[in-house]
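The values are calculated or read from the model by the stated rules, or taken from the named source; none is laboratory data. Remember, predicted model here, so these are calculated numbers, not experimental data. Here the Cβ positions follow ideal geometry from the backbone for every residue, glycine too, while neighbour counts run over all protein chains shown.
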Amino acid sequence: MESEILMKRIWFWQRLKEDPRARNLLAHAWIAGVLLLLFTSAAVWTHYAGAAAPCAASDQAYTVVSGGTLGSIAARYTTNWQQLASYNHLANPSLIYANQTICIPGQTSSTTNQGTSPAQGSANLFPYPQCTWWANERYHELHGIYAPWTTQSNAWQWTDRAYQFGWHVSSSPVAGSIIDLQPWVQGAYGLGHVAVVEQVLSSGDVIASTMNWGANPTQVTDVQFSPGPGVTFLWA
């Protein structure tokens with residue numbers, strides 16, 4: 001069987017060498033394949049390069065969460081997806097991904113739900129010693145306020161919950177705020193991580209107190225984090 005396949009291949013290549021039309025057809029097919037690959041690569045590069053561009057000082061830098069769409073982001077900021085796609089140079093507006101930064105033109109660095117007072121919780125219902133428990137407990141120690149969200153509230157979801165309940169959300173650090181890391185950002189695992197900013201350093205980095213981090217998950221430790229993609233700061 002293998003010898004028969006080999007003979008067919010030899011016959012094919014012999015015919016190919018004898019027939020110039022077949023050689024031309026094969027050459028054109030190869031060129032078309034290379035051009036298609038280059039075009040696809042260029043489109044992907046344009047999408048990601050545009051998305052990675054830094055936002056202007058007057059913009060709001062929004063970090064996309066899992067399942068987010070350009071339409072839902074646009075609705076939050078009373079704009080439309082066409083404007084966001086154009087402003088962020090997105091080749092494919094349907095293709096955005098978790099932890100991607102979307103620049104919202106003409107927005108301030110922090111925002112709340114318009115016309116909505118920040119909601120407050122009445123107790124800490126998160127399981128000890130998860131990072132969510134400590135962030136809620138420490139924030140209450142500092143401000144006398146518990147986070148009001150208890151469902152759909154793994155660490156990575158806290159940014160969306162903050163928007164929903166009228167809390168401030170910012171890409172700039174504020175002492176006493178909750179820092180929210182999206183999955184796999186700066187050492188966070190698949191559910192993200194939350195902590196409380198104890199100090200803002202002159203470099204712009206923060207020192208945040210946290211639990212369930214590193215080798216001693218039940219102890220409170222201080223960890224240094226940096227503002228950037230996948231990082232938001234929340235406060236009531």
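Observations on the structure shown:
- Residue match in the range 179-200 (condition: in a loop (DSSP other than H, G, I, E, B) and more than 16 Å from the chain's Cα centre (by Cα)): no
- Subset of the range 76-93 that is assigned to a loop (DSSP other than H, G, I, E, B) and out of contact with any His (no Cβ under 7 Å at 6 or more places or on another chain) - its residue that is nearest to residue 228 (Cα to Cα): 88
- When residue 172 is tested against (1) closer than 21 Å to residue 63 by Cα; (2) in contact with an Asp or Glu (Cβ under 8 Å, 6 or more places away or on another chain), just one condition goes unmet, and that condition is (2).
- Screening residue 159 against (1) buried (at least 23 other Cβ atoms within 10 Å of the Cβ); (2) without any contact (Cβ under 8 Å) to a residue 60 or more places away in the chain; (3) not small (Gly, Ala, Ser) leaves a single unmet condition, (2).
- Residues that are touching a Lys or Arg at 6+ places or on another chain (Cβ under 6 Å) and over 16 Å from residue 181 (Cβ atoms), drawn from the range 123-158: 149
- Search result, residues across the range 121-139 that are more than 23 Å from the chain's Cα centre (by Cα) and assigned to a loop (DSSP other than H, G, I, E, B): 122, 123, 124, 125, 126, 127, 128, 129
- Per the listing 88, 80, 124, 99, the residue uniquely at positive phi and modelled with pLDDT of 75 or more is 99.
- The residues on offer are 174, 206, and the sole one that is among the β-branched types (Val, Ile, Thr), farther than 18 Å from residue 129 by Cβ and at pLDDT 95 or above is 206.
- Residue among 102, 96, 73 that alone is in contact with a helix residue (DSSP H, G or I) (Cβ under 7 Å, 6 or more places away or on another chain), part of a loop (DSSP other than H, G, I, E, B) and either not assigned by TED's automatic domain parsing to the domain that holds residue 188 or not basic (Lys, Arg) (or both): 96
- Filter result (part of a loop (DSSP other than H, G, I, E, B) and touching a helix residue (DSSP H, G or I) at 6+ places or on another chain (Cβ under 7 Å)) within the range 216-235: 220
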